[in-house]
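Have a look at the structure below before the remarks.
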Amino acid sequence: MSQPPELEVLPDAERLADAAARRFVLAANAAIQARGEFIVALSGGATPRSLYARLATEPFVSSLDWSRIHFLWGDERCVPPDHEAGNFRMARETLLDHVPVADANVHRIRGEDDPAKAAVTYEGVLRTVLRTPNGPPRHASGSRLDLVLLGLGADGHTASLFPGAASLRTSAQWVVATYDERASMWRITLTTIVINAAVEILFVVSGAAKAAIVQKVLEGPRRTPELPAQLIAPTAGRLVWLLDAPAAAELGRVSR
Ligand code: 6PG
């Protein structure tokens, strides 16, 4: 049975990045100590840039054995790996180029390929890394993501799970291709099946522009599939929402 979501509000974006970096390191060291590896799915967009940049500085660089971390992505835009809109390029520039990762453990989504093919390929990569060649994610150690980082779009999307999309209804696929109408772009995304099987799911949300959607998702009526972020509910793991004060401004229950 999953625990209720944990909510932490930080005063500003800088301390939000710090708090997220500390949680990343805690989750990583716990997994590495228990199993010798840490399997994380990175989020994209603008918000995590400051988290990744923070992880690439001390004391975080020296706090981890980076060679033991498997880097996956929660979603990717269907663009080449060096495209400025790509989530892989953003993570490479802000983090991966600055810490001693093992190149073989960086598993990017091949956004340059045909979207349907890229989704099938990535599900194979994910199943290999999670040692689950077929069937649903298992909760045995080593067969589930240790940490999934997520952001929140102003329309309630997370990863590339967009309101009303067919990707929200899949019953078996771990990775699907989905068309982002707003940006007129194909994307590849993990589905709730594999996200919700994670040990820990960490939303990192910043800025006043997200205050209204944060309140709707966390305190409003359940309105899926219009609000895909409400579908994120770990089956046996932890769900943590890390917000800065501007993003939390419309929440009724945060003590000030
Ligand atoms: C992406 C992300 C997406 C993002 C939200 C918030 O590839 O863009 O996966 O889900 O987390 O859209 O984006 P910002 O952090 O840029 O507001």
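Some points to look at:
- For segment 153-166, Karplus couplings with θ = phi - 60° (6.51, -1.76, 1.60), whole Hz, Gly/Pro x: x, 5, 9, x, 6, 9, 6, 10, 8, 9, x, x, 6, 4
- Highest-first packing order for the peptide set 34-42, 16-24 is 16-24, 34-42, based on the mean count of other beta carbon atoms within 10 Å.
- Close amide-amide hydrogen proximity is noted between residue 10 and 243, 244, 245, each under 5 Å apart and 5 or more residues distant or on a separate chain (H modeled in the peptide plane; Pro and chain starts excluded).
- A cut-off of 5 Å between modelled amide H atoms, ignoring neighbours fewer than 5 places along the same chain, links residue 106 with 71.
- Taking a span of 18 Å or more along the helix axis (Cα atoms) and a mean Kyte-Doolittle hydropathy of at least -1.0 as the rule, the DSSP H helices of the chain that qualify are 13-35, 115-129.
- A Cβ-based charge dipole, computed about the Cα centre of segment 1-138 with Lys and Arg at +1 and Asp and Glu at -1, lands at about 460 debye.
- Unit charges at the beta carbon, dipole of segment 117-160: most positive-side option, 160, 140, 119: 140
- Interchain or long-range residues, amide H under 5 Å from residue 238's placed H: 200, 201
- Farthest positive-ward along segment 135-256 dipole, Cα basis, beta-carbon charges - from 230, 203, 178: 230
- Legend: ranking of residues 61, 101, 175 from fewest to most surrounding C-beta atoms inside 10 Å; resulting order 61, 101, 175.
- Net charge over other residues, Cβ less than 12 angstrom from the Cβ of residue 226 (K, R count +1; D, E count -1): +2
- Neighbour counts of C-beta atoms inside 10 Å place 191, 170, 57, 94 in the sequence 57, 170, 94, 191, starting with the fewest.
- Counted over the chain, the DSSP beta bridges are approximately 30% antiparallel.
- Listed peptides 208-216, 194-202 by packing density, highest first (mean Cβ within 10 Å): 194-202, 208-216
- Dipole-positive endmost among 95, 64, 251 within the chain (Cβ charges, Cα centre): 251
Each reported figure results from applying straightforward, stated rules to the coordinates on display, with no laboratory input. Because the structure is a prediction, the values reported are computed rather than measured. Glycine gets a Cβ as well: all are built from the backbone with ideal geometry, and neighbour counts include every protein chain shown.
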